[in-house]
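A short write-up of the structure that comes next.
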Amino acid sequence: MAPLPPRNGLGIAALVLGLVGLVMGVIPFMFWLGAILGVIALVLGLTGRGKAKRGEATNKGMATAGAVLGPVAVALSVAMGAVTVMAVDDAVDEINKSVSESRGKGATAKDTGSGGKDKAGKDDAAGSDASDAETYAAGDTVVYDDGVQVTVSRHTAYSPGEFSIGHEKGNKAYKVTVTVVNKGKEKFDTALLTVDARAGKDGKTAESIFDDKVGEGFNGTVVPGKTASAEFAFDAPAAAKTLEIEVSPGWAYNSSHWNLKL
């Protein structure tokens, strides 16, 4: 009777899984897979060694290597898991800190002498401000806690260009100038600044108008002590009596509202 061929599969599998487990064990968010593969490699390696002792396999060294690499993979996975959890906790803390600090960027308004009323913002522990409860008049300047100041001018009638986008026939178009003054100590990035509008007592969205003169908005940053301005035009129903302009300087700021009488 011919002898049975050596059954070396368990030893080979133990070595391969041990090596893969080592790799997975040092990859963030994949460490759990490394631990699982390490346990399997240990079991297969020990079983493979048993077969080698009984003469059923000839790769005792390979099985032994898999049995050794398995616990190492588990240990690395546990260490990486601890590091990952700590890193995630630190990241969450930083995000919470950033959000908490950003909530302090409330707004107050000052009278610019253009007819707007002087309105003092309310900045409580939760970071709310007056812009959540009231609107400002044309020409009022909203001053944020970090020194950024935003002003919305009085509106003027606007005639959209021939190839404009956003203007509907029969509606009226109005243009305003939004001015940003940076009196803080850090650069202000205008990339996230948005300007939207609603028209009439029902608060219908006033579409932004884009043509060769308006709609480009702000670009770049405003360094401390400098000013930037941009013109925006909006499409409003002919019967609308009010135009509410909403300016949000960025995700870290509360938005502010100007109520313009048409």
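How much net charge surrounds residue 231 when only other residues with a Cβ under 10 Å from its Cβ are counted (Lys, Arg +1; Asp, Glu -1)?
Values: positive: 175, 213; negative: 216.
Overall, the nearby charge balance is +1.
Karplus-based coupling profile of the range 138-153, in residue order and whole Hz: 4, x, 5, 10, 8, 10, 8, 4, 8, x, 6, 10, 10, 10, 10, 6, with θ = phi - 60° in 6.51 cos²θ - 1.76 cosθ + 1.60 and x standing for Gly or Pro. With each label point set 7 Å from Cα along the Cα-Cβ vector, what nm distance links residue 82 and residue 43? It is 2.6 nm.
As a ratio to 2.2 N^0.38 Å, the alpha-carbon radius of gyration computed for the range 121-262 takes the value 1.06. On the basis of the beta-carbon distance and an R0 of 35 Å, residue 156 and residue 221 show a calculated FRET efficiency of 0.80. Using a 1.4 angstrom probe on heavy atoms only, work out the carbon and sulfur share of the accessible area of the range 1-95 in %. Carbon and sulfur together cover 78 percent of it.
Remark: the range 187-197, residue by residue, has Karplus-estimated 3J(HN,Hα) of 5, 10, 8, 7, 4, 9, 6, 10, 10, 10, 8 Hz, where x stands for each Gly or Pro and the curve is 6.51 cos²θ - 1.76 cosθ + 1.60 at θ = phi - 60°.
Summarising the amide proton neighbourhood of residue 209: residues at separation of 5 or more, or on other chains, whose placed amide H is nearer than 5 Å comprise 233, 234, 235.
Where nothing but the Cβ of Lys and Arg (+1) and of Asp and Glu (-1) is charged, how large is the charge dipole of the range 138-252 around its Cα centre, in debye to the nearest 20? Walk me through the numbers before you get to the answer.
Details: 13 positive and 17 negative charges, 69 e Å.
So the dipole magnitude of the range 138-252 works out to roughly 320 debye.
Put simply, the amide H of residue 204, placed in the peptide plane, has neighbours under 5 Å in 199, leaving out anything fewer than 5 places away on its chain.
Other residues lying with their Cβ under 12 Å from the Cβ of residue 203 contribute a combined charge of -1, Lys and Arg counting +1, Asp and Glu -1. In sequence order, the range 200-207 has phi-based couplings of x, 5, 8, x, 5, 4, 8, 5 Hz under the Karplus curve 6.51 cos²θ - 1.76 cosθ + 1.60, θ = phi - 60°, and Gly or Pro positions carry x. Note on residue 169/residue 189: beta-carbon distance plugged into 1/(1 + (r/R0)^6) with R0 of 25 Å gives a FRET efficiency of 0.10.
Taking amide H as placed 1.01 Å from N in the peptide plane, the amide H of residue 260 sits under 5 Å from that of 243, 244, 245, each at least 5 places away or on another chain.
The values are calculated or read from the model by the stated rules, or taken from the named source; none is laboratory data. None of these values were measured; they are calculated from a predicted model. So basically every Cβ, Gly included, is an ideal-geometry build from the backbone, and we count neighbours across all protein chains shown. Just the protein is used for accessible areas: all its heavy atoms, side chains included, with ligands, DNA and RNA removed. Shrake-Rupley method; radii C 1.70, N 1.55, O 1.52, S 1.80 Å.
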